Amino acid sequence: MNASDRRSLLASARRVVVKVGSAVLTMEDGLDLNMIRHLVREISALRQRDMQVLLVTSGAVAAGRRRIQFMQPDAAHLSDLPGRQAASAIGQGTLMHEYDRALSELGIVAAQVLLTREGLRQRERFLNARNTLERLLDWGAVPIINENDTVSVKELQFGDNDTLASLTVGLVGADLFINLTSADGVFDKNPDQNPDARHLDVIEDISALDIPAMCDGKTAVGSGGMYSKLLAARRAAQLGAPTLILSGRKGFSLCAALDGAPGGTLVLPCDRCVSSKKFWLAYHDKPAGTIVVDDGAARALCELGRSLLPAGIVAVEGEFPQGALAGIRTQAGRVLGVGLCNYASDELRRIMGRKSTEIQAELGACPYEEAVHRDNMLLDPAI
Ligand code: GLU
């Protein structure tokens with residue numbers, strides 16, 4: 001992609017999700033207030049270009065820990081789950097106060113939005129959150145979004161704010177995602193360990209990247225890091241939104257980056273996008289089990305765009321009810337997709353390997369011919 005195409009792609013964005021992590025926002029002794037002031041000036045500059053901006057911010061846990069650590073010298077108490085949640089309760093207020101103060105100085109209204117995965121996995125509540133965010137944007141406020149850490153249960157956390165931000169892109173239909181990090185963008189190998197690592201200006205086809213290999217196999221989500229940033233970018237790309245992974249070090253300029261200044265990595269959107277509804281069903285829940293399919297079914301799904309029939313299933317892992325989200329993988333372990341199952345796991349085990357015409361005889365009824373309908377399936381998921 002040449003520089004002018006890059007500029008016009010970025011300049012055409014009207015609704016931007018900016019994500020900033022704790023590493024950018026915090027210093028030894030707490031929140032970096034100069035950084036917050038700088039960030040809100042950058043947000044204001046984007047708004048002057050007629051862009052609506054939503055900010056996904058971390059920093060609550062880090063800010064809370066710094067405030068409490070003098071009174072709570074037992075470090076283990078600060079890092080277990082209740083400790084993180086309690087620290088977040090302390091730090092979220094501080095964080096919001098600082099954003100509110102810095103934005104008000106520029107005449108901008110800040111709005112705190114705390115989301116949970118549990119909340120957004122119900123379609124009605126998801127649509128409710130979307131309506132609220134739309135109203136805030138109509139009013140010209142800047143939504144400042146974080147996970148509601150205090151009530152998030154471990155199994156159903158977003159995991160990290162990269163994930164939360166990419167789901168926010170889907171929630172509000174943003175057309176640009178800017179992920180501010182402590183690194184200078186994406187490298188083909190880990191630059192800390194490989195002096196010959198090459199910086200990538202543009203990633204044209206993120207679905208073709210071997211993301212775990214680029215991250216030296218460091219694939220733990222929940223800890224931030226390049227792996228979760230690339231997964232988040234891949235999700236945004238599936239929605240048709242480009243991602244700019246940019247250094248959030250002192251003096252960074254969002255406008256300069258949008259005008260084509262070198263630095264950072266631009267991840268281009270996929271050619272074939274998924275609908276917002278499909279995106280929601282694939283990513284707002286965690287798969288409750290796995291369906292293992294044979295090679296014929298894998299081809300039918302990936303090359304012919306078909307639904308998954310019971311005949312192609314060779315195993316079903318986990319226990320789940322009808323309508324649950326399940327992963328779909330090959331016998332060799334390649335994850336092909338995720339989808340909503342028309343049958344519960346025990347029913348699937350009874351009809352797997354059978355023709356659709358045999359479902360009625362086995363189950364006494366055949367409400368669906370497909371185990372997972374194409375419309376309820378997302379291939380190549382970034383999970
Ligand atoms: N919600 C956490 C916080 O505000 C951050 C999680 C993350 O950085 O990914 O501290």
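Points to keep in mind about this one:
- Scanning segment 179-225 for residues that are β-branched (Val, Ile, Thr) and at pLDDT 90 or above yields Thr181, Val186, Val202, Ile203, Ile206.
- None of Ala60, Ala75 is open to solvent by less than 50 Å² (accessible area, probe 1.4 Å) and either more than 16 Å from the ligand (Cβ to nearest atom) or on the phi < 0 side of the Ramachandran plot (or both) except Ala60.
- Of all residues in segment 354-368, those being loosely packed, with under 15 Cβ neighbours inside 10 Å and within 28 Å of Tyr283 (Cα to Cα) number 1.
- Checking Asp188, Asp192, Asp162 one by one, the residue that is touching a Lys or Arg at 6+ places or on another chain (Cβ under 6 Å) and either β-branched (Val, Ile, Thr) or within 29 Å of Asn34 (Cβ to Cβ) (or both) is Asp162 and no other.
- For Gly305, the requirement of being crowded, with 18+ Cβ neighbours inside 10 Å and in contact (Cβ under 8 Å) with a residue 24 or more places away in the chain is not met.
- Ala208 meets the conditions (1) open to solvent by 60 Å² or more (accessible area, probe 1.4 Å); (2) touching a residue at least 60 places away in the same chain (Cβ under 8 Å); (3) away from the ligand (no atom under 15 Å from the Cβ) in every case but one. The failed one is (2).
- Selection from segment 84-95 of residues that are touching an Asp or Glu at 6+ places or on another chain (Cβ under 7 Å) and open to solvent by less than 30 Å² (accessible area, probe 1.4 Å): Ser88
- Every residue from segment 37-62 that is of a type outside the set (S, T, N, Q) and over 23 Å from the mean Cα position of the chain (by Cα): Arg37, His38, Arg41, Ala45, Arg47, Arg49, Asp50
- Enumeration of residues in segment 28-43 that are away from the ligand (no atom under 15 Å from the Cβ) and open to solvent by 20 Å² or more (accessible area, probe 1.4 Å): Glu28, Asp29, Leu33, Asn34, Arg37, His38, Arg41, Glu42
- Some residue of segment 266-273 being modelled with pLDDT under 95, under 30 Å from Val172 (Cβ atoms) and of a type in the set (Val, Ile, Thr): no
- Per-region count, segment 140-198, residues within 15 Å of the ligand (Cβ to nearest atom) and assigned to a helix (DSSP H, G or I): 13
- Residue within segment 178-199 that is on the phi > 0 side of the Ramachandran plot and not β-branched (Val, Ile, Thr) present: yes
- Residue in segment 330-356 that is nearest to the chain's Cα centre (by Cα), counting only those that are in a loop (DSSP other than H, G, I, E, B) and among the hydrophobic types (A, V, I, L, M, F, W, C): Cys341
For every residue, the table says whether it meets (1) surrounded by 15 or more Cβ atoms within 10 Å (Cβ to Cβ); (2) hydroxyl-bearing (Ser, Thr, Tyr); (3) touching a residue at least 40 places away in the same chain (Cβ under 8 Å); (4) within 16 Å of the ligand (Cβ to nearest atom).
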site	(1), (2), (3), (4)
Val24	yes, no, yes, yes
Met71	no, no, no, no
Pro82	no, no, no, yes
His97	no, no, no, yes
Gly107	no, no, no, no
Asn128	no, no, no, no
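- Taking segment 220-293 and the helices (runs of 4 or more DSSP H) fully enclosed by it, the elements with 3 or more residues that are open to solvent by less than 10 Å² (accessible area, probe 1.4 Å) and within 16 Å of the ligand (Cβ to nearest atom) are at 225-239.
- For segment 359-380, residues that are touching a residue at least 12 places away in the same chain (Cβ under 8 Å) and out of contact with any Lys or Arg (no Cβ under 7 Å at 6 or more places or on another chain) total 13.
- Here is the figure for segment 155-205: residues that are open to solvent by less than 10 Å² (accessible area, probe 1.4 Å), farther than 20 Å from Cys270 by Cβ and of a type in the set (S, T, N, Q) total 1.
The values are calculated or read from the model by the stated rules, or taken from the named source; none is laboratory data. Because the structure is predicted, anything quoted here is derived from the model rather than measured. Here Cβ is always computed from backbone atoms with ideal geometry, including for glycine, and neighbour counts include all displayed protein chains. Just so you know, the surface numbers come from the protein's heavy atoms only, side chains and all, with ligands and any DNA or RNA stripped out. Shrake-Rupley method; radii C 1.70, N 1.55, O 1.52, S 1.80 Å.
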